[in-house]
Amino acid sequence: MAEFLEFRGVSKRFGTIQAVGDVSLEIKKGEFFSLLGPSGCGKTTMLRLAAGFEEPDAGRVFLDGRDITDLPPNERKVNTIFQSYALFPHMTVRDNIAFGLAIAKRPKTEIGAEVDKMLHLIQMTDQADKRPDLLSGGQKQRVAVARALINRPDVLLLDEPLAALDLKLRQKMLIELDLIHDEVGITFLYVTHDQAEAMSLSDRIAVMDSGRIEQVGAPAEIYESPRTSFVAAFIGDTNFLKGRVLDCPDREYCRLDIAGLPGILCFNDKHLQPVQPIYLSIRPEKIHISHERPEEEPQRNYLPAVVEDVIYLGSNTKYWVRVAGYRIQVLRQHARYFLDEKPLRWKDEAWIWWHADDGFMLDHFRKADEGLLAVPPQKVGEPFNGE
Amino acid sequence: MAMTVLILVFFYLPILILVVNSFNAARFSSSWQGFTLDWYARLFHSPEIWLSVRNTLIIAVSSTAVSLVLGTAAAFALHRYAGSRLQRVHYTLIYTPLVVPEILMGISLLMAFVAAGTGLGLFTIFLAHVTFSVSYVAMVVLARLQDFDFSLIEAAQDLGANWWQSTLKVLLPLLLPGLAAGGLLAFTLSVDDFVITFFVAGPGSTTLPLRIYSMIKYGNPPMINALSTLLLAVTLTAVIASQKLARLKR
Amino acid sequence: MSLRRRESFDPDISQKRDSEPLRRASDVRSSKSAPLRSGAAPPRDGAARIWTNRAGAGTARVRTDPVRGETAPRRRRFQEWLISLPTLFWLTLFIVIPTLLVFAIAFRPANPYGGIGAGWTLETIRALGNAGYLVIAWRTVWISLVTTMLCILFSLPTGYFIARAPEKWQNRLLMLIIVPFWTSFLVRVFAWRSLLHPEGLIKKVLEATGLAGPQTTLLYHPAAVVLVMVYTFLPFTILPIYAAAEKFDFRLVEAARDLGAKPFQAFRKIFLPGIRRGLVTAVLVVFIPALGSYIIPDLVGGPASEMVGNKIAQRVFVDRNLPHAAALSAVLILAVLAPLIAVLVRQRKKDKAEIIIGEAP
């Protein structure tokens, strides 16, 4: 599959703010690609660079092999779904959808036929003559999609299209967007700050922060193998423990020295060396918790713990446990009828364990994320643990 | 709430009495002496009144047209380049006529015309009217521009429209109510202006307000009642019509 | 859903781990580059580039639009000048220059034929010190002040009430207030003149109720001037106060009541400061035009309530003494500019303070 939409080393400043800094990205044809990140990370700027509403200070943008960096938005075969939908209030639904074709001066009969087809696709044939202010949020979004798709763009750009909708509607529109992508088969570039949206819709995700790309990959890869502390912390929840590599008894596993905890095993995916400082990350759902001490099996880590907080969520429960001074989050799903079990309560002593394969190590940690470390309590004046 | 009602009564009382008295046959409006349309008849047969109406309309239409063009251009400049030094000066310049008393404007224009040796007449009135109308139009259109959702323009461009097409098909149609409001405001201000016109008018270039003033000072009170009522009726119809028009657009 | 369709995806995680990431962005590890402020989000909507083509630059609206680096500023500036020029030219010609002329003419002597004489003199300025002028100046100021205070007094409860009214009533009430404004100003003053006339309605009513004798005149008295001025300017004060009240978050007043404040206390300490901008606008919108009133004192005031405006008109049309009129006008201009500039300076200082405070981490 060829790279279809490509950003090569693009940068963009606004005043003193570097919105996008030397970013390169390749999006495949027909892919559903998401740009995911917090507010201000530069994802919207990337979208606008693709659409042509911004010119990069440096770098080029390519579409299907052609350099489109200098093309104005009306000359690019790219269409955008705006966050506010930007439906023309003085035109009917029909005229809105037909706009692109009317500008292109296609014959009236052709426009009429295409518009009717689109109306049928979004199931709004009987609302064709309404004005946008009479439509609901979901309807407006469908019109916006139709208005864009009728022009058969090479790429469809979506700028947080579901942000303005309430939860139930959002879930419904998520499915609809996915179906449309399957039906129409064009490349989607989707911008959002909502990880659930990105993960459920995308073929690949690029996680962005502060104008840079932190990681690009399939949703599962992003979730299970984050490359940076930002990605690990931004997507889902995780526990971070700081320590050093003690040694690597075999090629696959390393033993880690985390203050207060005996030799923890972890899968050595980064080919790390002994004495190297690392941050161990283990997601709450990968940790198991039980009253009794389980039977020990190889390649697993077992630790005694005390339950500090219990948050019951219905289908699962979050436990905050104290292990050798560290505060660790455990997520446990209730696969069986909950009321039959003997639940874990506050101040209970329990055992937690996880498979060495399920943890991952990061050798680099952002200063900003230091607050996420599950540090043991310090006495004032003592030097920082491990330093 | 009581205050509001009282104030509304306060507002409308004089006007109501005026209207009522325009049909009053009495010369001095304190007592009712029978219904009559006599005063209206006299108005219709007065050539001076018709002349002043003609002058007023000529000036109002022409000054509205010119101030609409100038004011809209100014609004675009103020909006698009807001914050630049030039625009800050520009804004002050436009804002000034809105806050200074009319008499200052009148007298300064008079001095300017006298110093330049221009004869006072309809043309000088026209110039004066444009000068104050421009500010009002600019403010009205500027407010509309500031509320305008420019992502609509981006959407139009995104769908293939170039600069001209997006202006014609998206910007102007949506801005039209604002332009109409500005135009209406300029027209009303021009028709109603007295002080500035008083200072820059010449002999033979009497407008309706000037005529009313001289009638008040030296003329016939009941006829003024009738004239005022007529003016009221015209204004009210215009306002109602524009409201209906605004609603129709939806 | 997407998971099922992707053939390239390998569910075996341990294999995935060994593959290099697909991205080619700069390595996060080496992010020793300049610290990036991920603060204010760059624009999403807002005018990007409506009027320029590729070679042009972006817009400079501070709110949502970026200032485009250093590229193509000359083209932008040219366009800016082009579109601003018509009004700049017109207003300079018809406002700035005439105003300067007024100041200039104040220094010239009067021509006996009613024009402007030649040469320069300070005589006109000195004549301003005449006691008569001072009386008029003083009267102008206090009539304007009283009018302003009364207007604010009446428009505060009204503006408050309308802002609290249900949505559809707000528009109707505003219309009701504005409609009289659409009628001719002269006509309204005249209506009051008739009403206050010795043979007018109000006098008749007062006589009937015994509150006034046949001798009392309501017209030609400063009180009449104030009355009609309040009548004229009240809509102008109600509107800005209403506008400010409408934007005001009334839950703040509720919070104050909740914490024990009495209604009037809450009004005074929370509401009034909250609509401060509207109040300032309202004051300016009454006080300044009031200083320059001409018609109202002329038609309902009489000689006892002559104001600066009347004097200027008299000098122009009756005495045909333009330099004197110019001198008076110059004084009025300065009197009008003073409060305006004061407000502007205070506003500038406040904005600067906010910027400084805002930048502190």
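The values are calculated or read from the model by the stated rules, or taken from the named source; none is laboratory data. Keep in mind it's a predicted model, so treat the numbers as computed, not measured. Heads up, the Cβs are rebuilt from the backbone with ideal geometry, glycines too, and the neighbour counts pull from every protein chain shown.
Annotation note: of C:F103, C:F107, the sole residue that is under 30 Å from B:T92 (Cβ atoms), within 14 Å of chain B (Cβ to nearest Cβ), assigned to a loop (DSSP other than H, G, I, E, B) and in contact (Cβ under 8 Å) with a residue 12 or more places away in the chain is C:F107. Being within 12 Å of chain B (Cβ to nearest Cβ), acidic (D, E), within 22 Å of B:E154 (Cα to Cα) and surrounded by fewer than 19 Cβ atoms within 10 Å (Cβ to Cβ) is a property that holds for A:D133.
Scanning the stretch B:215-245 for residues that are more than 10 Å from chain C (Cβ to nearest Cβ), among the hydroxyl-bearing types (S, T, Y) and either farther than 20 Å from C:I295 by Cα or surrounded by 13 or more Cβ atoms within 10 Å (Cβ to Cβ) (or both) yields B:T237, B:S242. Does C:L291 count as crowded, with 21+ Cβ neighbours inside 10 Å and either over 22 Å from C:P180 (Cα atoms) or touching a residue at least 60 places away in the same chain (Cβ under 8 Å) (or both)? The answer is yes for C:L291. The residue of the stretch A:149-177 that is modelled with the highest pLDDT, among those that are touching a Phe, Trp or Tyr at 6+ places or on another chain (Cβ under 8 Å) and of a type in the set (D, E), is A:D159. Here A:L165, A:L134, A:L121, A:L158 are screened, and the one residue that is without any contact (Cβ under 8 Å) to a residue 24 or more places away in the chain and assigned by TED's automatic domain parsing to the domain that holds A:I103 is A:L134.
Yes/no per residue for (1) surrounded by 22 or more Cβ atoms within 10 Å (Cβ to Cβ); (2) aromatic (F, W, Y); (3) farther than 30 Å from A:N79 by Cα:
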position: B:G117; (1), (2), (3): no, no, yes
position: B:F126; (1), (2), (3): no, yes, yes
position: B:T131; (1), (2), (3): yes, no, yes
position: B:Y136; (1), (2), (3): no, yes, yes
position: B:M139; (1), (2), (3): no, no, yes
position: B:R144; (1), (2), (3): no, no, no
position: B:A155; (1), (2), (3): yes, no, no
position: B:L159; (1), (2), (3): yes, no, no
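Taking strands (runs of 3 or more DSSP E) as the structural unit, those lying wholly within the stretch A:253-358 and holding at least 1 residues that are surrounded by 14 or more Cβ atoms within 10 Å (Cβ to Cβ) and without any contact (Cβ under 8 Å) to a residue 12 or more places away in the chain correspond to A:253-258.
Residue-level analysis places A:V184 outside the set of residues that are in contact with a Pro (Cβ under 7 Å, 6 or more places away or on another chain), surrounded by fewer than 23 Cβ atoms within 10 Å (Cβ to Cβ), of a type in the set (A, V, I, L, M) and touching a residue at least 12 places away in the same chain (Cβ under 8 Å).
Of all residues in the stretch B:172-186, those that are touching a residue at least 24 places away in the same chain (Cβ under 8 Å) have Cβ atoms under 8 Å from Cβ atoms of residues that are polar (S, T, N, Q) and crowded, with 19+ Cβ neighbours inside 10 Å, 6 or more apart or on another chain, in B:L179/B:T72; B:G182/B:T72; B:G183/B:T64; B:L185/B:S133; B:A186/B:S63; B:A186/B:T64; B:A186/B:S67; B:A186/B:S133.
Among the residues of the stretch C:304-314, is any modelled with pLDDT under 85 and either loosely packed, with under 13 Cβ neighbours inside 10 Å or not aromatic (F, W, Y) (or both)? Scanning the stretch C:304-314, I find at least one residue that is modelled with pLDDT under 85 and either loosely packed, with under 13 Cβ neighbours inside 10 Å or not aromatic (F, W, Y) (or both), so the answer is yes. Restricting the search to helices (runs of 4 or more DSSP H) fully inside the stretch C:211-324 and requiring at least 1 residues that are small (G, A, S), within 29 Å of C:V343 (Cα to Cα) and within 11 Å of chain B (Cβ to nearest Cβ) gives C:276-291, C:308-313. Would you mind stating whether C:N321 is within 23 Å of B:L210 (Cα to Cα), in contact with an Asp or Glu (Cβ under 6 Å, 6 or more places away or on another chain) and not β-branched (V, I, T)? Answer is no for this residue. Kindly indicate whether any position in the stretch B:104-112 is of a type in the set (S, T, N, Q) and touching a Pro at 6+ places or on another chain (Cβ under 7 Å). There is at least one residue in the stretch B:104-112 that is of a type in the set (S, T, N, Q) and touching a Pro at 6+ places or on another chain (Cβ under 7 Å).
Looking across the stretch A:136-179, the residues that are of a type in the set (A, V, I, L, M, F, W, C), away from chain C (no Cβ under 12 Å) and assigned to a helix (DSSP H, G or I) come down to A:V143, A:A144, A:V145, A:A146, A:A148, A:L149, A:L167, A:L169, A:M173. The residues of the stretch A:207-220 that are out of contact with any Ser or Thr (no Cβ under 7 Å at 6 or more places or on another chain), closer than 19 Å to A:D194 by Cβ and not in a strand (DSSP E or B), listed by number, are A:A218, A:A220.
Quick one: which strands (runs of 3 or more DSSP E) sit completely within the stretch A:1-111 and have at least 3 residues that are surrounded by 24 or more Cβ atoms within 10 Å (Cβ to Cβ) and in contact with a Lys or Arg (Cβ under 8 Å, 6 or more places away or on another chain)?
Values: elements: A:3-14, A:17-28, A:32-36, A:58-63, A:78-81.
Hits in the stretch A:1-111: A:17-28, A:32-36.
Of the residues making up the stretch A:224-279, those that are more than 30 Å from A:S200 (Cβ to Cβ) and of a type in the set (A, V, I, L, M, F, W, C) number 13.
Residue-wise test of (1) more than 28 Å from A:F14 (Cα to Cα); (2) in contact with a Leu (Cβ under 9 Å, 6 or more places away or on another chain); (3) of a type outside the set (A, V, I, L, M).
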{"site": "A:L177", "(1), (2), (3)": "yes, yes, no"}
{"site": "A:V184", "(1), (2), (3)": "yes, yes, no"}
{"site": "A:L189", "(1), (2), (3)": "no, yes, no"}
{"site": "A:A196", "(1), (2), (3)": "yes, yes, no"}
{"site": "A:A206", "(1), (2), (3)": "no, yes, no"}
{"site": "A:I222", "(1), (2), (3)": "yes, yes, no"}
{"site": "A:P226", "(1), (2), (3)": "yes, yes, yes"}
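Restricting to the stretch B:91-100, count the residues that are more than 8 Å from chain C (Cβ to nearest Cβ) and among the hydrophobic types (A, V, I, L, M, F, W, C). Number of matching residues: 1.
If you go through the stretch A:218-247 and keep only what is at the interface with chain C (Cβ under 10 Å from one of its Cβ atoms) and at positive phi, you end up with nothing. Could you run through the stretch A:188-217 and say how many residues are more than 15 Å from A:T45 (Cβ to Cβ), touching a Phe, Trp or Tyr at 6+ places or on another chain (Cβ under 6 Å) and more than 7 Å from chain C (Cβ to nearest Cβ)? Of the residues in that region, 2 qualify. The residues of the stretch C:178-190 that are more than 18 Å from B:L210 (Cα to Cα) and in contact with a Phe, Trp or Tyr (Cβ under 7 Å, 6 or more places away or on another chain) amount to a single one, C:P180.
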